[in-house]
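Here's the structure we're looking at; comments come further down.
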Amino acid sequence: MPHPQHTTTPLLLDIRAAADLLGFSYSTIRHWTYRSKQPPAHWPQPVKINTSLRYRVADLENWVARIGQPDHATGEGAATPITLPQPARRGRPRKGHSLQEL
């Protein structure tokens with residue numbers, strides 16, 4: 001007896017499929033996934049399977065459902081952005097300025 005064809009939505013999506021589902025660009029989801037840009041509040045964590053990362057469809061749907069709710073806007077429980085110190089000025093001090101003023 002042959003197996004029936006599965007026409008349901010997969011339970012796990014790669015970054016490109018998650019971007020298509022949510023209507024975001026691939027690069028935006030990739031930046032959020034690898035944390036090169038601060039993700040929005042309550043952004044779900046991907047699941048690592050061998051060397052690939054996948055998002056649960058249910059987690060993405062829950063994230064969309066939370067948009068607009070009071071705790072979503074405040075980002076309670078979300079990671080806080082990292083503030084980096086200002087880099088020191090390089091090179092020679094400008095004429096008329098001492099090192100203390102810079």
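The residues packed around Leu13, meaning those with a beta-carbon under 12 Å from its beta-carbon, carry a net charge of -1 if Lys and Arg are +1 and Asp and Glu are -1.
Shape class of the stretch 12-74 from the alpha-carbon gyration tensor: prolate, with a/c at 1.5 or above and a/b greater than b/c.
What dipole magnitude, in Debye to the nearest 20, does the stretch 12-74 give about its Cα centre under +1 on Lys/Arg Cβ and -1 on Asp/Glu Cβ? Numbers along the way, then the final one.
Details: 8 positive and 5 negative charges, 52 e Å.
That gives a dipole near 240 debye.
Around Pro46, under 12 Å between beta carbons, what's the net of Lys plus Arg minus Asp minus Glu among the other residues? Here the charged neighbours net out to +3.
Model label sites at Val64 and Lys95, defined 7 Å from Cα along the beta-carbon direction, differ in position by 6.3 nm.
Throughout, read-outs are computed from the coordinates displayed, never taken from laboratory work. Since the model is a prediction, treat every value here as computed from it, not as a measurement. Glycine also receives a Cβ, built like all others from the backbone with ideal geometry; neighbour counts cover every protein chain displayed.
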